[in-house]
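Below is one structure, written out as structure tokens; comments come after it.
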Amino acid sequence: MKRTIAIFATAATLGLTALAPASQAMEQELDMLTQSVVNALRVEGFDTSNVSNLTLGQIAEIKGVLESGMTATDRSKIERLLDAE
């Protein structure tokens, strides 16, 4: 029994250690995506002070709108997202 617990504890430790680099890479990718959106929003004249409060989904949605060309409706949608937070 003690051996089984030791094996599970070792496996769990190794598993968590292996996930740490992936988690760090994902965080860096989110930071790069957020900074890219902030830069694009500034170019378009948006207030970017609330971007850090947006969810990943909202950031991705804004990025998609910015990359596809912006209509007046898209602009107001982005403003609503930025103001909601």
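Give the residues of segment 51-75 that are over 14 Å from the mean Cα position of the chain (by Cα) and either surrounded by 10 or more Cβ atoms within 10 Å (Cβ to Cβ) or closer than 24 Å to Glu29 by Cα (or both), sorted by residue number.
The answer is Val65, Leu66, Glu67, Ser68, Gly69, Met70, Thr71, Asp74, Arg75.
Checked against the criterion of being in a loop (DSSP other than H, G, I, E, B) and of a type in the set (Val, Ile, Thr), segment 32-46 contains not a single residue that satisfies it.
The set of residues in segment 57-85 being in a helix (DSSP H, G or I) and either touching a residue at least 60 places away in the same chain (Cβ under 8 Å) or of a type in the set (S, T, N, Q) (or both) consists of Gln58, Ser68, Thr73, Ser76.
Only the coordinates and a few stated rules stand behind these numbers; no lab work does. These figures come from a predicted structure and were not determined experimentally. Note: ideal-geometry Cβ built from the backbone for every residue, glycine included; neighbour counts use all protein chains shown.
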